[in-house]
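Data first, discussion second: the structure below is written as structure tokens.
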Amino acid sequence: MISVRRLGDSDWQIYRDLQLASLTEAPDAAWLTYDEAERRSEADWRDNLAGRAQFAALLDDIPVGTAGGWVQESPECPELISMWVAPQARGKGAGDVLVRAVLEWASSAGCRAVGLWVLDGNEPAERLYRRHGFRRTGRRQVMPRDASLVEVEMVVALDAAAASSA
């Protein structure tokens with residue numbers, strides 16, 4: 001059974017392990033490289049968690065995925081970031097649980113919408129996000145560490161997210 005919990009700074013090792021696993025399995029989906037992540041200190045991981053709402057999906061109490069909510073540009077529209085689900089947990093609802101957790105966090109903080117950036121062509125991720133009401137905005141950006149990779153922006157109004165989750 002899939003459950004979700006919010007990670008605190010004392011959970012930095014869980015977050016680190018999930019991030020390293022995601023960078024091994026899907027290295028193109030992140031701005032950070034595995035080597036950069038591996039060099040981070042405990043203090044770096046704790047600081048990273050302190051600046052966001054980070055969630056872990058658990059399958060039978062084992063961490064199998066993560067997603068975060070982070071305010072970057074506008075407090076009214078935070079971003080869903082660092083989304084990843086381990087291959088063995090895909091298709092079991094872990095992605096849905098994580099997206100809902102971020103949307104609920106944003107809604108409880110009084111936010112109006114949530115945005116995200118996803119690699120263009122990552123159809124499984126886009127299907128997940130569309131299920132929760134996210135739609136492409138038309139904005140695109142090149143990944144800083146690899147100009148051959150392009151991300152597309154998706155946004156959901158939180159009232160639309162509530163309607164699609166119902």
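Residue by residue, here is whether (1) at pLDDT 95 or above; (2) under 19 Å from residue 116 (Cβ atoms) holds:
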{"residue": "5", "(1), (2)": "yes, no"}
{"residue": "11", "(1), (2)": "yes, no"}
{"residue": "15", "(1), (2)": "yes, yes"}
{"residue": "18", "(1), (2)": "yes, yes"}
{"residue": "23", "(1), (2)": "no, yes"}
{"residue": "29", "(1), (2)": "no, yes"}
{"residue": "34", "(1), (2)": "no, no"}
{"residue": "37", "(1), (2)": "no, no"}
{"residue": "42", "(1), (2)": "yes, no"}
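Of the residues that make up the stretch 114-121, is at least one of a type in the set (A, V, I, L, M), under 12 Å from the mean Cα position of the chain (by Cα) and over 26 Å from residue 146 (Cα atoms)? No, the stretch 114-121 has no match at all.
Within the set 114, 150, the sole residue that is β-branched (Val, Ile, Thr), over 30 Å from residue 62 (Cβ atoms) and assigned to a strand (DSSP E or B) turns out to be 150. When the residues of the stretch 3-28 are filtered to those that are of a type outside the set (D, E, K, R) and touching a strand residue (DSSP E or B) at 6+ places or on another chain (Cβ under 6 Å), the one that is farthest from residue 61 (Cα to Cα) is 22.
If you go through the stretch 144-153 one residue at a time, do you hit one that is at pLDDT 95 or above, loosely packed, with under 13 Cβ neighbours inside 10 Å and either within 16 Å of residue 79 (Cβ to Cβ) or in contact with a helix residue (DSSP H, G or I) (Cβ under 7 Å, 6 or more places away or on another chain) (or both)? So far as the stretch 144-153 goes, no, none of its residues is at pLDDT 95 or above, loosely packed, with under 13 Cβ neighbours inside 10 Å and either within 16 Å of residue 79 (Cβ to Cβ) or in contact with a helix residue (DSSP H, G or I) (Cβ under 7 Å, 6 or more places away or on another chain) (or both). Inside the stretch 1-41, can you point out the residues that are part of a loop (DSSP other than H, G, I, E, B) and either in contact with a Phe, Trp or Tyr (Cβ under 6 Å, 6 or more places away or on another chain) or aliphatic (A, V, I, L, M) (or both)? Hits for the stretch 1-41 are 1, 26, 30, 32.
Table: residues versus (1) of a type outside the set (D, E, K, R); (2) touching a Gly at 6+ places or on another chain (Cβ under 7 Å).
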| residue | (1), (2) |
| --- | --- |
| 9 | no, no |
| 16 | no, no |
| 19 | yes, no |
| 33 | yes, no |
| 57 | yes, yes |
| 69 | yes, no |
| 86 | yes, yes |
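The sole residue among 53, 57 that is of a type outside the set (Asp, Glu), in contact with a Ser or Thr (Cβ under 8 Å, 6 or more places away or on another chain) and crowded, with 20+ Cβ neighbours inside 10 Å is 57. Checked against (1) assigned to a loop (DSSP other than H, G, I, E, B); (2) among the small types (Gly, Ala, Ser); (3) at negative phi, residue 91 passes all but a single condition, namely (3).
The values are calculated or read from the model by the stated rules, or taken from the named source; none is laboratory data. As the structure is a computational prediction, the values presented were derived from the model and not from experiment. Heads up, the Cβs are rebuilt from the backbone with ideal geometry, glycines too, and the neighbour counts pull from every protein chain shown.
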